[in-house]
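*Asks:* Take this structure first; my questions come after.
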Amino acid sequence: MTNYDVDVLVAGAGPVGLAAALQLARWGVSVRLVDAAAGPATTSRALGTHARSLEIYDQLGILADIAPHGTRVNAFIRHQGTPAARVDFDFGDLTTRFPYMFNIDQVITERVLRGHAVSAGIAVEWNTGLESFHHDQDAVTVSLRTNSGGRETVRARYLWGCDGGHSTVRKALQLPLVGDSAHTWLIADAVVHTDLDRDGVHWLFPGGGALMLFPFPEPGKWRLLDTTGEGEPEHLDRIARQFGTKLSQALGRDTVVDNPSWVSKFTIQQRAVPAMHVGRCFISGDAAHIHSPASGQGLNTGIQDACNLAWKLAMVVHGHADAALLETYDAERVPIGQALLASTGEVMDTAMVESTTTVTRDADHGFMLQLIRTMSGLGISYSDSPLTVADDSGEGPRPGQRLTRISAADAQSPGWTALRALLRTSAWHLLVFAGNGHATGPDQITSRLPWLDTVTISRSRLAGDGHEVWDPDGRVHDTLAATEGHWILVRPDGHVSARGTGNTGFRDALDRLTVLRGRESAHA
């Protein structure tokens, strides 16, 4: 047996690294979380949080701590004539209990995640930078620069790089960020004296470029984005006058902008890696893919990366899965990063240009609806994953899709309230539907799988051990399109892996999911 100092060393204590460490700790994996910075960031960065990320925050049990600090965005508002064109968020058949975008300062998101990480036993080691590492088939040996200026060598089972766009881990692994850099933009956070609706993202078109305005929760405060990139960040008063002049021109009325609290000029990168892990080393978030901030995908995609990989590492560390399970991280997440290059690139090429005819404006309306649905992350499916037993027939969430395709009203039903609470536990879940009778699911098999939690769902009360859901109004049965005898196998990240009826169907599903069998046999 190889000796290790820690199971997983996570480099980077931004939102992705914090989410990664928190989930690993909850699975009982030993973690160290290091960051070269002197302390938490205090300046504004990512702002928009999309529906799928809110679902993940709910599953992690941190949404209640985030919700008081943000503001809902319900529409895109494009100022191209009178009146402005308002496109309210419409997710179509991508049902969610969060049918909006939620603007919250990344500083606050990180603060909430840090608090929960500490409660799980993980404290960030600031002033501790990853300098170098080497890895082989047994371990990753990492050299850290410590707070005192000394050096420390750490032997870890796995290294997880969540260390941003200039990732030391990615560079050492020689994983290229493939793509291009085409635009230089200016971003500022400032109070704007305007009567613009504060529940929308505004697009405006003064001469020679486009502006975007994103509302902060604080009264009167907006994030302003100028696609021309004009202005020098150190001259705050000039930046304020520049934005004021352009907004006045675009709106046709005098608009005053106060001196910004934060300004940044940067070149937009549209890049992604062809692989997100090499051996025992992994990367997530901006370390693996960098996108235009216009659609707010960076933080959201990184959180989804962390949610995808943490449970897989935990299962392998605990011996409940073969190391082949880790290969599914690339199979599932690399295509997501690649697809986002196309969608965010389309935002820049289409949404930043003023429409001048009825035809193009109608096309832009359709484009904005599609953009809303793409940004939400709700349509992400792992239908082609090795962990998915394909089944395209029937209604309800299909294998590969997320389980909780429910409205806010359905989520508050007795059955869904109980089920969502059980889904927060760190495990796979087998939902067995008893209808009005007794469960007939594959209990004898599941009792030998320590990574699986069986939940019985019944329209009648059952006297059990707390792993039962009473669904008196049938909303869980209805929304999941399940009746007595059905079962649904749900991954720890909330995506459906398989569904079917009877013992035989479940055995077939386990046979397909060979990477989960680990040291124990499903049929032993």
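*Asks:* Looking only at the stretch 385-435, which residues are surrounded by fewer than 16 Cβ atoms within 10 Å (Cβ to Cβ) and not in a loop (DSSP other than H, G, I, E, B)?
*Replies:* Answer for the stretch 385-435, where residues must be surrounded by fewer than 16 Cβ atoms within 10 Å (Cβ to Cβ) and not in a loop (DSSP other than H, G, I, E, B): A408, A409, P414, T417, A421.
*Asks:* Would you mind finding the one in A85, A123 that is over 14 Å from T49 (Cβ atoms), crowded, with 16+ Cβ neighbours inside 10 Å and not charged (D, E, K, R)?
*Replies:* Matching residue, one of A85, A123: A85.
Okay, residues lined up against (1) on the phi > 0 side of the Ramachandran plot; (2) modelled with pLDDT of 90 or more; (3) outside the structural domain of N308 (by TED's automatic domain parsing); (4) of a type outside the set (A, V, I, L, M):
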residue: D453; (1), (2), (3), (4): no, yes, yes, yes
residue: R475; (1), (2), (3), (4): no, yes, yes, yes
residue: I488; (1), (2), (3), (4): no, yes, yes, no
residue: G505; (1), (2), (3), (4): no, no, yes, yes
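*Asks:* Here's a follow-up. Restricted to the stretch 126-173, and to residues that are surrounded by 18 or more Cβ atoms within 10 Å (Cβ to Cβ) and among the hydroxyl-bearing types (S, T, Y), which residue is farthest from L309 (Cα to Cα)?
*Replies:* The extreme case among them is T128.
*Asks:* Same structure, new question: When you scan the stretch 178-194, how many residues do you find that are within 21 Å of V16 (Cβ to Cβ) and crowded, with 20+ Cβ neighbours inside 10 Å?
*Replies:* Residues flagged as within 21 Å of V16 (Cβ to Cβ) and crowded, with 20+ Cβ neighbours inside 10 Å within the stretch 178-194 amount to 1.
*Asks:* Output the number of residues of the stretch 115-134 satisfying the condition of being in a strand (DSSP E or B) and either of a type in the set (S, T, N, Q) or in contact with a Phe, Trp or Tyr (Cβ under 9 Å, 6 or more places away or on another chain) (or both). Walk me through how you get there before you give the answer.
*Replies:* First, the residues of the stretch 115-134 that are in a strand (DSSP E or B): 124-125, 129-134.
Imposing the further condition that a residue be either of a type in the set (S, T, N, Q) or in contact with a Phe, Trp or Tyr (Cβ under 9 Å, 6 or more places away or on another chain) (or both) reduces the set to 132.
Within the stretch 115-134, residues that are in a strand (DSSP E or B) and either of a type in the set (S, T, N, Q) or in contact with a Phe, Trp or Tyr (Cβ under 9 Å, 6 or more places away or on another chain) (or both) number 1.
*Asks:* Just one of (1) crowded, with 17+ Cβ neighbours inside 10 Å; (2) within 20 Å of T425 (Cα to Cα); (3) touching a residue at least 40 places away in the same chain (Cβ under 8 Å) trips up S30, so point out which.
*Replies:* Answer for S30: the failing condition is (3).
*Asks:* So which strands (runs of 3 or more DSSP E) are wholly in the stretch 158-229 and hold at least 3 residues that are closer than 16 Å to R271 by Cβ and at pLDDT below 95?
*Replies:* It comes to 178-193.
*Asks:* Kindly indicate whether R157 is under 26 Å from the mean Cα position of the chain (by Cα), among the basic types (K, R) and closer than 30 Å to L378 by Cβ.
*Replies:* Against the criterion (under 26 Å from the mean Cα position of the chain (by Cα), among the basic types (K, R) and closer than 30 Å to L378 by Cβ), R157 does not qualify.
*Asks:* From the list R26, R52, pick out the single residue that is of a type in the set (D, E, K, R), in the same structural domain as V317 (by TED's automatic domain parsing) and within 27 Å of D189 (Cβ to Cβ).
*Replies:* R52
*Asks:* Given (1) modelled with pLDDT under 95; (2) in a strand (DSSP E or B); (3) of a type in the set (S, T, Y), identify the lone condition not met by S143.
*Replies:* Result: S143 passes all but (1).
*Asks:* Please work out which one of (1) of a type in the set (S, T, N, Q); (2) in contact (Cβ under 8 Å) with a residue 40 or more places away in the chain; (3) surrounded by fewer than 18 Cβ atoms within 10 Å (Cβ to Cβ); (4) more than 23 Å from H166 (Cβ to Cβ) is the condition T227 fails and give its number.
*Replies:* Tallying (1) of a type in the set (S, T, N, Q); (2) in contact (Cβ under 8 Å) with a residue 40 or more places away in the chain; (3) surrounded by fewer than 18 Cβ atoms within 10 Å (Cβ to Cβ); (4) more than 23 Å from H166 (Cβ to Cβ), T227 fails exactly one: (3).
*Asks:* Which of (1) farther than 20 Å from W203 by Cβ; (2) free of Cβ contacts under 8 Å to residues at least 40 places away in the same chain; (3) of a type in the set (A, V, I, L, M); (4) buried (at least 21 other Cβ atoms within 10 Å of the Cβ) does I283 not meet, given it meets every other one?
*Replies:* Among (1) farther than 20 Å from W203 by Cβ; (2) free of Cβ contacts under 8 Å to residues at least 40 places away in the same chain; (3) of a type in the set (A, V, I, L, M); (4) buried (at least 21 other Cβ atoms within 10 Å of the Cβ), the lone unmet condition for I283 is (2).
*Asks:* Still on this structure, please answer the following. Which numbered condition in (1) touching a Gly at 6+ places or on another chain (Cβ under 9 Å); (2) not in a loop (DSSP other than H, G, I, E, B) is the only one that A21 fails?
*Replies:* Of everything listed in (1) touching a Gly at 6+ places or on another chain (Cβ under 9 Å); (2) not in a loop (DSSP other than H, G, I, E, B), A21 misses just condition (1).
*Asks:* Answer yes or no: is there a residue in the stretch 300-315 that is touching a strand residue (DSSP E or B) at 6+ places or on another chain (Cβ under 6 Å) and surrounded by fewer than 24 Cβ atoms within 10 Å (Cβ to Cβ).
*Replies:* No, the stretch 300-315 contains no residue that is touching a strand residue (DSSP E or B) at 6+ places or on another chain (Cβ under 6 Å) and surrounded by fewer than 24 Cβ atoms within 10 Å (Cβ to Cβ).
*Asks:* Right, here's the next one. Can you tell which of V142, V192, V201 is in contact with a helix residue (DSSP H, G or I) (Cβ under 8 Å, 6 or more places away or on another chain) and of a type outside the set (F, W, Y)?
*Replies:* V192
*Asks:* To continue, here is another question. Cβ-Cβ distance below 6 Å, separation of 6 or more or different chains: which pairs start in the stretch 413-424 with a residue that is in contact (Cβ under 8 Å) with a residue 24 or more places away in the chain and at positive phi and end on one that is exposed (fewer than 14 other Cβ atoms within 10 Å of the Cβ) and assigned to a helix (DSSP H, G or I)?
*Replies:* Going by the 6 Å Cβ cut-off, there are no qualifying pairs.
The values are calculated or read from the model by the stated rules, or taken from the named source; none is laboratory data. All of these numbers come straight from a predicted model, not from anything done at the bench. Every residue, glycine as well, gets a Cβ built from its backbone with ideal geometry; the counts of neighbours run over all protein chains shown.
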